Amino acid sequence: MVMDTKDGPLTTFDWDVLAMKPFQGVRMNIPMPSKKEDLRTVAYALAKMSEEFHKYASSPLGTNRSEIGNARNYTAYQHNSFRKLSGEWKEDYEKLKEAEQKVVDIKEHSRHVTRTR
């Protein structure tokens, strides 16, 4: 395959190579934690993503096509990382909910034993 050495705006061919439609956005779900301290995790991930995008935009060696492809791939990677993080936070939430339910069950049981309300 012969590559064009000039690096202009992406053409229809370039978008096809990237398996994207022209100016197609990429979607990413960013989970919201149940504790405000965990917002730092999201902030660090977004800051890292910003740094990566800046690196792709500033790369003297990469072409428009290659760097936009890299950015798309990094976004997909980050999307999967957020999905995993969301799952971890959901597990933590479920454990907390289960622990709270045990406390409620114990209180209900003690009401029946002591006949108090």
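The values are calculated or read from the model by the stated rules, or taken from the named source; none is laboratory data. Not measured: the values here are computed from a predicted model. Heads up, the Cβs are rebuilt from the backbone with ideal geometry, glycines too, and the neighbour counts pull from every protein chain shown.
Summary table
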{"quantity": "Selection from the stretch 65-97 of residues that are surrounded by 14 or more Cβ atoms within 10 Å (Cβ to Cβ) and over 19 Å from the mean Cα position of the chain (by Cα)", "calculated": "ARG65, SER66, GLU67"}
{"quantity": "Odd one out for TYR74 among (1) at pLDDT 90 or above; (2) more than 24 Å from PRO33 (Cα to Cα); (3) among the hydroxyl-bearing types (Ser, Thr, Tyr)", "calculated": "(2)"}
{"quantity": "Pick from the stretch 5-36, criterion aromatic (Phe, Trp, Tyr) and outside any loop (DSSP other than H, G, I, E, B), ranking: surrounded by the fewest Cβ atoms within 10 Å (Cβ to Cβ)", "calculated": "PHE13"}
{"quantity": "Close pairs from the stretch 57-73: first in contact (Cβ under 8 Å) with a residue 12 or more places away in the chain and under 15 Å from THR11 (Cα atoms), partner among the acidic types (Asp, Glu) and surrounded by fewer than 17 Cβ atoms within 10 Å (Cβ to Cβ), Cβ under 8 Å, at least 6 apart", "calculated": "THR63/ASP7; ASN64/ASP7"}
{"quantity": "Subset tally (residues that are among the hydrophobic types (A, V, I, L, M, F, W, C) and in contact with a helix residue (DSSP H, G or I) (Cβ under 6 Å, 6 or more places away or on another chain)) for the stretch 1-29", "calculated": "4"}
